[in-house]
Each structure stands twice: as C-alpha cells, then as structure tokens.
Amino acid sequence: MADRVTVIGWDGSPLTAAARSALGAATLVAGAAHHLSLPEVPPGAERIRLGSVALAARRIAGHRGTAVVLADGDPGFFGVVRTLRAPEFGLEVEVVPGVSSVAAAFARAGMPWDDAQVVVAHRRTLRRAVNVCRAHTKVAVLTSPGAGPAELGLLLEGVHRTFVICEALGSEREQVTVVTSDKAADHTWRDPNIVIVIGRTVAAAEGGGWIAGRDPGAGPRGWTLPAESYGGLMGEGELEPLRAAQLTRLGPRVGDLVWDIGCGSGAFAVEAARAGAAVIAVDRDPQACARTEGNARGFGVLLQTIHGAAPHALENLPEPDVVRIGGGGAAVVSAVADRRPQRIVTHAATRDAAEIVGRDLSSHGYDVECALLQSVELDTRAWTERERSVAFLLSGVLPDRSA
C-alpha cells in the first residue's frame, strides 16, 4: 500500500530535476488532462484524471507502488496538499512546488502583491469574494466555473473596479486582459483564470509593509473614535458609546456586506470598513453621503454610498449580512427584516418606540434583545457634566443564521 505521495506543482515551465526524477519513478500519476499528457509521465503508469481529490487520495492510499500527483502552480496554496494530508488517508506528502498562479498573475501584471487579499470564488463563496473586492483596494480572485470574471463584474454593479484577467497561465493559450468591471460580463473567459481586482490606488508604504494583506495597524487605534475624528458633526444616534455597542452586536468582518442606513457623518460605516467588511452607506441627505465619502477617503477605506430614502433606496441593493439602522423607524426595520440579514441593530429614543420595533423584529423570526444605554460625558478639568445621552439599543439575530 502506498503511504507516500509526491505532489509536483507545474507552472508551465520545464520540470525541475527533482520533479522529473519523482515522475520517472511513478507507477501511478494523478492530474488534470494537460498534466497527464506531459511527455515525462511514464507510459506504463496508471493514470487518474483528477476530479475529486478525496477520491484520488483513496486510490493512492490503496495503490501498490509509487504515486505522484500533478497540480498547477503551488499545490500548497489553496491546492491539493490540504486534502491529501487529511489523517484518514494516512499519506506522507512530499511537495515539489511550482510558482503559484497568484504570483504568476501579479508578475504578468508587473505589480507587487504583498498588500493583496487572496480569495477563492466558488458558487457558494462568490458573494463573500465579491464583498472582499468591494472592501479592499487589491484582491486576487482564484475563480472557478460559474464564479469567474463575468459573475464578479455583475455582482460589483455600481462599484468601479479594474480587472486584470489572466487566462490559462503557463500554457500556450495564456492571455492577460485589462478591463473595467462593468465590461467583464461582455466577454467569454477561458478557464482556468485568475482576476486581479484593483480599487482606488493607495500610496505604498516606504520600504514596504510588514504583514501580507491590508495592514491591521493602519489608522488610529480604537474600534470607535470620537466625533472630532469625523469632523465633529454627528447625530444623536452616532455618539461614540452607542456606536461601540452597535459594532459589538453586529461584529462586521472580512467577507461581510454591511448596510448602514441613515449613515450621517459616516462614522459607523467607516468603522465597519476598518474592520474589513464591505459597506453600503445609505442616506436621504446628499450632504451626509458627501461627509461619509470624505471620511472614508480620510481613513483610507473603500465603501459605497447611496443617496436615497429608505426603504425604497434598499430595493436593488445586494443582500446584506448585517445591518445598522440609524433612522427611518419601524417601516425601515420591517423592510430590512424582509431581506433576512443575520443581524440587525437599531435604536429608539423611547420605550414605546423600542417595543414597536422589537415586536416587528420578533414577528420576522428574530431573537430580540433590548438594553437601555445611558452615557454621561464629564469634563475632567472640573469634573462637571458635559453631555448626557440615553437610547434604547435593539438588536435582532436570526437563530438559523447566527454565525
């Protein structure tokens, strides 16, 4: 029985001496059709067309001889190595890596990628991959059939991005195309492909960064910041203690889409974006939208603003994961609950208003919590009261979508 398998990453360049040696001794070779047609594959070796890696691993584990798996790029980076190392197969895995397809794509584009997010888009993860593209300035998307450049472009409607689409990297059919996101659906793209999604250009840190992806330490420290950080003009529903409680209840994260309805200064929207989430900020006041966009630029985050009154302005928006409702009352709460986000948070000025909203959320199947928040800001020079605020904080969680 085989207890060892050599995984060879192939990037279209000639195989290394180590790869040729392992392949030449193989009695079983698994890979895609273009791998199995390589001249270095021994003619007498058993060949497995690689579809399900788990099924191939079972056959390898039961094979009497020497097994090799061929894969594109670096098989340890979103590749076959993870499945082959699963304990149930009992395989010892040796890897001969190639250049990863992500590294190759950025090389073709002539761009650094230590500041890029990397996501995998399948049909089940496409929406979350799109949310990362909304929220970050540089994203590499490893696509799949049904979750490729056209689908990315369609789901990014209303958000301008530049796509660098790298098709069939390392093969004779390789092609690199640059299009805007709204034009991606006008073409048919060859698989496999990788899409580099570029948002607003940001200045590079001198000497490079210290961590891959977006620097989590960029910007001021703190989950919520004082009003002065956002120009000082804030509504009562945006005060720092209430914002902090709302962020705690919603927990926005990378891959989420957040709606901020009645965004005001944009303080909550910016703070959700700083957490890595994609954000759509909605307000009927054009000045509020302008302030939100300005604050987003000031903090170096990406978000989308929609000028319009809820609930009508929400009708054509993509489905949210979590929603903050800063204004609009029960009618807006009901319209949002109809869209079934995982979590909703809002506030009310009186107990009666809170009860109306809470009952509406309950009727939509949400588990509801309500707390009375009172904060008193003191002037510490004289220890006198400077400002007092009172609000009922309401949150709703769908029991079947609480994660």
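The values are calculated or read from the model by the stated rules, or taken from the named source; none is laboratory data. These figures come from a predicted structure and were not determined experimentally. Glycine also receives a Cβ, built like all others from the backbone with ideal geometry; neighbour counts cover every protein chain displayed. These area figures cover heavy atoms from the full protein model, side chains too; ligands, DNA and RNA do not enter into them. Shrake-Rupley method; radii C 1.70, N 1.55, O 1.52, S 1.80 Å.
The table that follows gives values for the structure above.
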item	result
Choice from GLN287, GLN117, GLN246 with maximal GNM fluctuation in the chain (Cα, 10 Å cutoff)	GLN287
Listed residues ALA290, HIS63, VAL130: farthest to the positive end of the dipole of the chain (Cβ charges)	HIS63
Selection from GLY76, LEU36, GLY219, by position along the positive dipole direction of the chain (Cβ)	LEU36
Evaluated over region 1-43, the Cα radius of gyration and Dmax, each in Å	10.2, 32
Whole-number D in µm² s⁻¹ for region 274-398, Kirkwood Cα-pair radius fed into Stokes-Einstein, 4 °C, 1.567 mPa s	80 µm²/s
Computed magnitude of the charge dipole of region 1-145 (debye, nearest 20; Cβ of K, R +1, Cβ of D, E -1)	640 debye
Percent breakdown of C-alpha pair distances by 10 Å bin, ordered from the shortest bin, for region 338-403	21, 38, 21, 13, 7, 0
Of GLY358, GLY51, GLY266, the one that fluctuates the most in a GNM where the chain has Cα springs shorter than 10 Å	GLY51
Cα centroid of region 308-358 to Cα centroid of region 239-291, whole Å	13 Å
Relative contact order for the chain, counting Cα pairs under 8 Å that sit 6 or more residues apart, in percent	11 percent
Most mobile listed residue (THR143, THR162, THR380) in the chain, GNM with C-alpha springs under 10 Å	THR380
Region 24-153 - percent relative contact order, Cα under 8 Å, separation 6 or more	18 percent
Lys, Arg +1 and Asp, Glu -1 on Cβ, resulting dipole of region 309-375 about Cα centre, debye, nearest 20	100 debye
Å² per residue, accessible surface of the chain at 1.4 Å	49 Å²
Gain in span if fully extended, GLU377 to THR180, counting 0.36 nm per residue against the direct Cα distance	66.1 nm
Estimated [θ] at 222 nm from DSSP helical runs (n ≥ 4, -39500 (n - 2.57)) normalised by residues in the chain, nearest 500	-7500 deg cm²/dmol
19 Å reach of a label modelled at GLU172, 7 Å along Cα-to-Cβ, counting backbone N of region 34-70	34-41
GLU355 accessible area, 1.4 Å probe, all protein chains in place, Å² to nearest 10	90 Å²
For region 95-168, convex hull of alpha carbons as volume per residue, Å³	108 Å³
Positive-pole candidate from LEU154, CYS166, VAL118, dipole of region 32-183, charges at beta carbon	LEU154
Reduced Cα scattering model of the chain, Debye log10 I(q)/I(0), q = 0.06 Å⁻¹	-0.33
Value of relative contact order over region 97-161, rounded to a whole percent, pairs C-alpha under 8 Å and six or more apart	31 percent
Unit charges on C-beta of K, R, D, E only; dipole of the chain, Debye	820 debye
Carbon and sulfur %, accessible surface of region 1-88 computed with the full protein complex present, 1.4 Å	54 percent
HIS364, HIS312, HIS35, HIS122, ranked by accessible area, largest first (probe 1.4 Å)	HIS312, HIS122, HIS364, HIS35
Probe 1.4 Å - accessible area at ASP338, Å² to nearest ten	100 Å²
Neighbour cut-off at most 16 other Cβ (10 Å), DSSP loop, chymotrypsin sites (Phe, Trp or Tyr not before Pro), region 48-98	PHE77, PHE78
Distance histogram in 5 Å bins (all Cα pairs of region 93-228, percent per bin)	2, 9, 19, 21, 18, 13, 9, 5, 3, 1, 0, 0
Under-5 Å amide H pairs with VAL96, H placed in peptide plane, nonlocal only	VAL7, ILE8, GLY9
